[in-house]
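*Asks:* Attaching a single structure in structure tokens format; questions to follow.
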Amino acid sequence: MPKKILTGKVISDKRDKTITVIVERKYQHKLFKKVIKYKKKYHAHDEKNSFKIGDLVSIQETNPISKLKKFKVIEEKKWFKFKQNYM
């Protein structure tokens, strides 16, 4: 089974070797055909503490690292259209 790869924005980097990433997805309601935005937070492992608040990153699913961390950071996105301001 392939591992999930998600793209989102870093909203917290306060913990050591951990960042919090918010991922926004859109889907269409089956009955009403309205586009709905869905946001979810993920905790990701950042080995070098190199990412800061506001960075756009890709995270990949991995074996559980701790109770909350089940993702690791793959790369930083140089450009990405992210309209929402979460801070």
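The values are calculated or read from the model by the stated rules, or taken from the named source; none is laboratory data. Owing to the predicted nature of the structure, the values given are computational and were not obtained by experimental measurement. Cβ coordinates were reconstructed from backbone atoms using ideal geometry, including for glycine residues, and neighbour counts include every protein chain displayed. Remember, those area values only see protein heavy atoms, side chains included, never the ligands or the DNA or RNA. Shrake-Rupley method; radii C 1.70, N 1.55, O 1.52, S 1.80 Å.
*Asks:* If you go through region 34-49, how many residues are surrounded by fewer than 16 Cβ atoms within 10 Å (Cβ to Cβ), more than 14 Å from Lys4 (Cβ to Cβ) and either modelled with pLDDT under 95 or not aliphatic (A, V, I, L, M) (or both)? Quick ask: steps written out before the conclusion?
*Replies:* We begin by selecting, within region 34-49, every residue surrounded by fewer than 16 Cβ atoms within 10 Å (Cβ to Cβ); these are 34-41, 47-49.
Now narrow it down to the ones that are more than 14 Å from Lys4 (Cβ to Cβ): 34-39, 41, 47-49.
When the remaining residues are screened for being either modelled with pLDDT under 95 or not aliphatic (A, V, I, L, M) (or both), the result is 34, 37-39, 41, 47-49.
So the count comes out to 8.
*Asks:* For region 2-12, indicate whether the set of residues that are open to solvent by less than 100 Å² (accessible area, probe 1.4 Å), assigned to a strand (DSSP E or B) and free of Cβ contacts under 8 Å to residues at least 12 places away in the same chain is non-empty.
*Replies:* no
*Asks:* Find the residue count for region 63-87, including only residues that are open to solvent by less than 100 Å² (accessible area, probe 1.4 Å), of a type outside the set (A, V, I, L, M, F, W, C) and at pLDDT 95 or above.
*Replies:* Matching residues across region 63-87 total 5.
*Asks:* Do the conditions hold for Lys30, that is, is it out of contact with any Asp or Glu (no Cβ under 9 Å at 6 or more places or on another chain) and open to solvent by 100 Å² or more (accessible area, probe 1.4 Å)?
*Replies:* yes
*Asks:* Moving to a separate point now. Would you mind stating whether Lys52 is buried (at least 16 other Cβ atoms within 10 Å of the Cβ), outside any strand (DSSP E or B) and touching a residue at least 12 places away in the same chain (Cβ under 8 Å)?
*Replies:* On the way: buried (at least 16 other Cβ atoms within 10 Å of the Cβ): no; outside any strand (DSSP E or B): yes; touching a residue at least 12 places away in the same chain (Cβ under 8 Å): yes.
Against the criterion (buried (at least 16 other Cβ atoms within 10 Å of the Cβ), outside any strand (DSSP E or B) and touching a residue at least 12 places away in the same chain (Cβ under 8 Å)), Lys52 does not qualify.
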